[in-house]
Structures are given as C-alpha cells and as structure tokens.
Amino acid sequence: MPKYLLTLRKGTLGLPDNAYLRKYTNFPVYLVEKVSDETLAVLSMQADIEPDSPVYKHQDTVPWGIRRVGALSAQRYFRGMGVKVGIIDTGIDINHVDLKANIYGGYNFVNNSGNFDDDEGHGTHVAGTVAAARNGIGVLGVAPSARLYGLKVLDSQGFGSLSNLLAAIDWAITNKLRIISLSLGSSQHSRSLELACQAAYNAGILIIASSGNDGASGCLSRVNYPAAFSTVIAVGSLNYNMTLSSFSSTGKQVELVAPGRNILSTLPGNSYGYASGTSMATPHVTGIASLIIQARPAWSNRTVRNHLMTTAYKGRLTSRSCLYGYGMASAYRAIFFRYLR
C-alpha cells in the first residue's frame with residue numbers, strides 16, 4: 001500500500017491515533033498508510049497530500065582517470081589524510097565546494113599576498129584531481145582527504161616568473177610540505193631551479209612535475225624543466241585506450257605516465273570541466289603518492305618514489321622506457337603491493 005505525507009493547513013485531521021504511522025514532533029506532518037481514495041479526498045480539504053517518495057544519495061562523479069589508476073579500491077583504506085601537498089600553479093579556488101574542506105593554506109607569489117585564489121582555472125583543475133572531496137558533490141579526487149596548499153606562481157594568463165617559482169619551492173621547504181606538484185615548466189634549463197629542486201628533495205619533499213606537451217619524439221628528449229631534473233618525477237600522459245597521448249613529451253627522463261586526456265575536474269566558480277595535457281596526468285601521480293605517504297608516513301621521499309616505480313602498471317604499455325617510463329602509476333598496486341608479488 002502507498003504511504004502519504006499529510007501537511008496540516010488548519011484544524012485537525014480527525015483520524016484515530018492508530019491511523020498514523022508517524023507523527024512528527026516539531027511540525028504538523030503525519031505519515032499514513034492504507035487510506036482510501038475517498039478519505040484522501042476529504043483530508044485534502046485540511047492538508048496538503050504527497051506520496052512518501054524516495055530520496056537518493058548524491059554521488060561523486062568518478063572521472064575515468066581515477067578509476068583507471070585504481071584509486072577507488074585504495075580509498076577503502078587510505079585517502080591521503082594529513083598529507084601536505086603543494087599545488088604550484090595558478091592558485092586554487094578557495095571557495096569551491098569540492099575543494100575548500102581540503103585547503104589548508106598557501107601564498108600568492110605573483111602579487112605577494114595571502115590571497116592565492118585562482119583567476120585562471122588551471123590550478124583548480126589540478127587540485128581537483130589530487131583531492132576533490134568525497135562529499136557526494138561533483139567529482140572525486142585520487143586522495144580526497146589530502147591537505148592542499150595553493151602556491152600561486154602563474155597569473156590570470158597562465159604566465160609566471162622563475163623567481164616566483166623559486167619562492168614557492170622555498171616556501172614549501174620552510175612549511176615542511178611532503179609533496180609539491182608542478183603542472184608547469186619551461187624548455188630552458190635553469191641552474192637556480194635545479195638547485196631549488198635539489199634543496200627540496202634533500203629536505204624530504206617528493207617533487208612531481210609534468211613532462212610537457214611538446215609531442216612524442218621517441219627517445220630524443222623533449223621533457224621540460226623542472227621535470228627533466230634527476231630530483232623530479234617526470235610524468236607523461238595516457239589516453240583512455242592506454243596509448244601515449246600525441247601531445248605528451250617523451251625522453252629518458254620520463255618516469256611514469258598517467259591519464260591525461262579529457263580529464264574531468266574542478267574549475268573556479270563551483271564548476272567542472274574537461275582538460276587535457278601532461279598537466280592533468282601529473283596530479284594523478286601526486287594523489288597516489290599522497291595515499292602511499294598516509295599508508296607509510298615514515299617512508300622517505302626516495303622510498304615513496306621507488307615504490308611508485310616498482311608498483312607501476314606495465315601491462316599493455318610498450319617496453320620503451322623513454323615513452324612510458326616505468327609504466328602507469330597505480331594506486332591499487334601501490335597500496336596492495338604485498339598481494340601482487
């Protein structure tokens with residue numbers, strides 16, 4: 001029999017107490033069952049009547065890259081809780097409903113202020129892939145409980161300076177971040193940037209950067225800096241069908257690949273959208289590293305890096321390391337590695 005909710009407008013309903021399945025204490029609503037159509041017609045003169053209709057849980061949309069790297073299985077045990085991750089980029093939308101619970105601080109090096117809000121969108125997209133919250137809204141990140149720090153070095157046009165990038169790395173060292181994620185770079189080698197990355201690595205920070213979008217060139221390196229430095233994990237991009245994205249820079253410095261084409265993530269203004277690039281692949285690896293660090297907080301950055309390599313998925317990927325490195329970073333394999341030996 002259908003159930004109905006009766007919202008009283010005036011007077012009393014006049015039904016015996018045993019006619020009600022439930023009376024609500026703080027508002028004049030009654031739940032009834034087994035009421036004839038004739039009775040409902042009479043009751044409608046005193047109350048608004050509606051069926052006891054179902055409600056459903058809201059569910060995060062899971063982008064294909066999150067599924068592909070096996071993050072859902074890993075999140076049953078670890079979600080990056082407490083792991084401090086610096087997003088060195090265009091900033092982060094500090095009010096985004098899917099991110100604000102995980103934003104713990106940052107700095108704007110473009111105009112030297114504490115307001116690191118994103119006025120371009122790139123950094124917010126990256127941040128969502130790392131740590132969009134498991135909150136029933138929007139999308140889900142790889143490590144939905146990681147602590148995000150927005151280090152804004154790129155302006156509203158996506159441009160920045162080497163000096164500001166150095167300042168962000170310096171800030172990350174001072175504030176003892178565990179990971180810095182850099183979906184940016186330059187084709188020009190910089191000795192000062194190399195020294196900054198070495199200092200961060202020596203301080204225990206895991207550095208993950210996009211290889212660049214200069215296109216595949218076999219083993220002739222086109223990997224950008226800072227990804228090309230030995231202290232940095234260089235990340236290339238995969239398509240949905242597990243082939244290398246045509247835009248993905250290649251070279252012997254590539255260590256890992258991850259999903260990077262048509263990736264759905266957060267955008268400023270509580271919105272969502274798709275983007276492609278090694279910039280989108282990099283935060284998948286950043287998120288996986290966050291899961292590993294929560295699982296093994298005493299591990300050094302070097303140990304975490306080695307673990308990412310040894311648990312990478314090779315499968316259908318070619319053995320040419322200058323294209324795919326050690327393979328696709330895998331949250332599933334990284335967390336459940338004991339069972340995969």
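General observations
- Test result for ASN26, of a type in the set (S, T, N, Q), at pLDDT 95 or above, in a loop (DSSP other than H, G, I, E, B) and surrounded by fewer than 18 Cβ atoms within 10 Å (Cβ to Cβ): no
- Of the residues making up the stretch 73-107, those that are surrounded by fewer than 20 Cβ atoms within 10 Å (Cβ to Cβ) and either in a strand (DSSP E or B) or free of Cβ contacts under 8 Å to residues at least 24 places away in the same chain (or both) number 4.
- When residues in the stretch 141-160 are screened for being closer than 15 Å to MET81 by Cβ and outside any strand (DSSP E or B), 6 of them pass.
- Filter result for VAL130 (part of a helix (DSSP H, G or I) and either touching a helix residue (DSSP H, G or I) at 6+ places or on another chain (Cβ under 6 Å) or of a type outside the set (Ser, Thr, Tyr) (or both)): yes
- Of residues in the stretch 157-190 being among the charged types (D, E, K, R) and touching a Gly at 6+ places or on another chain (Cβ under 9 Å), the one surrounded by the most Cβ atoms within 10 Å (Cβ to Cβ): ARG178
- Apart from one condition, SER163 fits all of (1) part of a helix (DSSP H, G or I); (2) under 23 Å from the mean Cα position of the chain (by Cα); (3) of a type in the set (Gly, Ala, Ser); the exception is (2).
- Selection of the stretch 195-217 for residues being free of Cβ contacts under 8 Å to residues at least 40 places away in the same chain and over 25 Å from GLY260 (Cβ atoms) yields LEU195, ALA196, GLN198, ALA199, ASN202, ALA203.
Here is a yes/no grid of residues against (1) in a loop (DSSP other than H, G, I, E, B); (2) buried (at least 24 other Cβ atoms within 10 Å of the Cβ); (3) in the same structural domain as HIS125 (by TED's automatic domain parsing):
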site	(1), (2), (3)
GLY215	yes, no, yes
ALA227	yes, yes, yes
GLY236	no, yes, yes
GLY251	yes, yes, yes
TRP299	yes, no, yes
VAL304	no, no, yes
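- Of residues in the stretch 59-72 being surrounded by fewer than 21 Cβ atoms within 10 Å (Cβ to Cβ) and of a type in the set (Val, Ile, Thr), the one farthest from ARG178 (Cα to Cα): THR61
- ASN111 vs. criteria exposed (fewer than 11 other Cβ atoms within 10 Å of the Cβ), in a helix (DSSP H, G or I) and of a type in the set (S, T, N, Q): no
- Among the residues of the stretch 191-213, those that are buried (at least 19 other Cβ atoms within 10 Å of the Cβ) and assigned to a loop (DSSP other than H, G, I, E, B) comprise ILE205, SER211, GLY212, ASN213.
- Checking ALA312, ALA228, ALA289, ALA281 one by one, the residue that is out of contact with any helix residue (DSSP H, G or I) (no Cβ under 9 Å at 6 or more places or on another chain) and in contact (Cβ under 8 Å) with a residue 12 or more places away in the chain is ALA228 and no other.
- Residue match in the stretch 115-125 (condition: in a strand (DSSP E or B) and surrounded by 15 or more Cβ atoms within 10 Å (Cβ to Cβ)): no
- Among the residues of this structure, GLY287 counts as one that is out of contact with any Ser or Thr (no Cβ under 6 Å at 6 or more places or on another chain), in a helix (DSSP H, G or I), closer than 30 Å to ASP118 by Cβ and small (Gly, Ala, Ser).
Every residue, every condition in (1) modelled with pLDDT of 95 or more; (2) on the phi < 0 side of the Ramachandran plot; (3) touching a Cys at 6+ places or on another chain (Cβ under 9 Å), yes or no:
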| site | (1), (2), (3) |
| --- | --- |
| GLN198 | yes, yes, no |
| GLY215 | no, no, no |
| ILE233 | yes, yes, no |
| GLY236 | yes, yes, no |
| THR250 | no, yes, yes |
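- On inspection, ARG147 passes the criterion of being within 16 Å of ILE94 (Cα to Cα), crowded, with 20+ Cβ neighbours inside 10 Å and in contact with a Lys or Arg (Cβ under 7 Å, 6 or more places away or on another chain).
- Residues being among the hydroxyl-bearing types (Ser, Thr, Tyr) and free of Cβ contacts under 8 Å to residues at least 12 places away in the same chain - total across the stretch 13-33: 2
The values are calculated or read from the model by the stated rules, or taken from the named source; none is laboratory data. Quick caveat: nothing in here was measured; it's all calculated off a predicted structure. Quick reminder, even Gly has a Cβ in these numbers, built from the backbone with ideal geometry, and neighbours come from all protein chains shown.
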